[in-house]
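Q: What follows is a single structure, and I will ask about it in a moment.
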Amino acid sequence: MISECLVVEFRVTGDECPLAEATRATGGAVEAAAPLLREDGYTLLRFSTDDSGIGERLDADDRIRYLHRAAADGRYTHRCLSKERCVVHRLIDEGFLVESVRYVDGVERHVGAVVGQDVLHGVLEAAGEAVGVQLERISPLGEDADDGIASRWNLTPTQVEALQTANEMGYFDVPKRVTAQEVADAVGISKSAFLERLRRGQSELFDRMLD
């Protein structure tokens, strides 16, 4: 049994898969499950977005089959088959265990796990051979910085994500470098949901810092 497990995050640009192209064309954001490659060569895609234009863009894409969309609370969930093999499948073939996939304005972020140094070497080698794939971070499972922040300040993972993304994008700069809507798009949620997470997270932080 291999005891070493690492959390790995990749940033992908220039991918020509349907989801990347749809978000690049619309400027929208998508939260997706790991793409599943079927024996017939089609890829099963499952994802959600608050941008209705993404579904319309995919519906016009000849590479997409059997697109289904359901709407609830201003958000759209989709399922479909794609004839296009995604860049992340090269990493999956080498043992990358995808946990989350996000597409924002054509840029992808894949977070997953790698078990053992041999598998890590194969995954990094595949990433190096794929155009537009960049390693963002590697950390031991269970020692993720986000988990430490959440535990220390009693924040939820979604509040940590909202605060960190806002900070990285310059939302707290004076003057602001981005709007609330732009940060919400980067997180993949609505503006109102982002502001709610931000308020709750800031309230918890201030309560603990000033207590």
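Q: Net charge near M169: determine it from the other residues with C-beta under 11 Å of the C-beta of M169, scoring Lys and Arg +1 and Asp and Glu -1. Don't skip to the end; give the middle numbers.
A: Details: positive: K176, R177; negative: E168, D173, E182, D185.
For residues surrounding M169, the net value is -2.
Q: Where nothing but the Cβ of Lys and Arg (+1) and of Asp and Glu (-1) is charged, how large is the charge dipole of the chain around its Cα centre, in debye to the nearest 20? List each step's numbers first, then the result.
A: Values: 24 positive and 38 negative charges, 120 e Å.
For the chain, the charge dipole is close to 580 debye.
Q: Let me ask something else about it. How much FRET efficiency would the formula 1/(1 + (r/R0)^6) give for D59 and E136, where r is the Cβ-Cβ distance and R0 is 25 Å, rounded to 0.05?
A: On the way: r = 32 Å, r/R0 = 1.27.
So the FRET efficiency works out to roughly 0.20.
Q: Shifting gears a bit: Could you check how much of the accessible area of region 41-146 is carbon and sulfur, as a whole percent, using a 1.4 Å probe?
A: Details: 2630 of 5650 Å².
Of the solvent-accessible surface of region 41-146, carbon and sulfur hold 47 percent.
Q: Between H110, V12, A72, whose Cα lies farthest towards the positive end of the dipole of the chain when Lys and Arg beta carbons carry +1 and Asp and Glu beta carbons carry -1, centred on the Cα centre?
A: Sorting the options by dipole projection puts first A72.
Q: Over the chain, with the other protein chains present, what is the accessible area per residue in square angstrom, probe 1.4 angstrom?
A: Details: 11640 Å² over 211 residues.
Here the per-residue accessible area is 55 Å².
Q: Over the chain, what is the relative contact order in percent, taking alpha-carbon pairs closer than 8 angstrom and at least six residues apart?
A: Details: 392 pairs, mean separation 53.8, N = 211.
About 26 percent, as a whole number.
Q: Would you look at the GNM of the chain, springs on alpha carbons closer than 10 Å, and say which of A162, A60, A180 moves the most?
A: A60
Q: Would you mind classifying region 1-144 by shape? Square roots of the alpha carbon gyration tensor eigenvalues, ordered a ≥ b ≥ c; an a/c under 1.5 is rounded, otherwise it is prolate if a/b is larger than b/c and oblate if not.
A: On the way: a/c = 1.96, a/b = 1.77, b/c = 1.11.
In terms of gyration-tensor shape, prolate.
The values are calculated or read from the model by the stated rules, or taken from the named source; none is laboratory data. Owing to the predicted nature of the structure, the values given are computational and were not obtained by experimental measurement. When we count neighbours, we look across all protein chains shown, and the Cβ atoms used for this are built from the backbone with ideal geometry, even at glycine. With ligands, DNA and RNA removed, areas are computed over all heavy atoms of the protein, side chains included. Shrake-Rupley method; radii C 1.70, N 1.55, O 1.52, S 1.80 Å.
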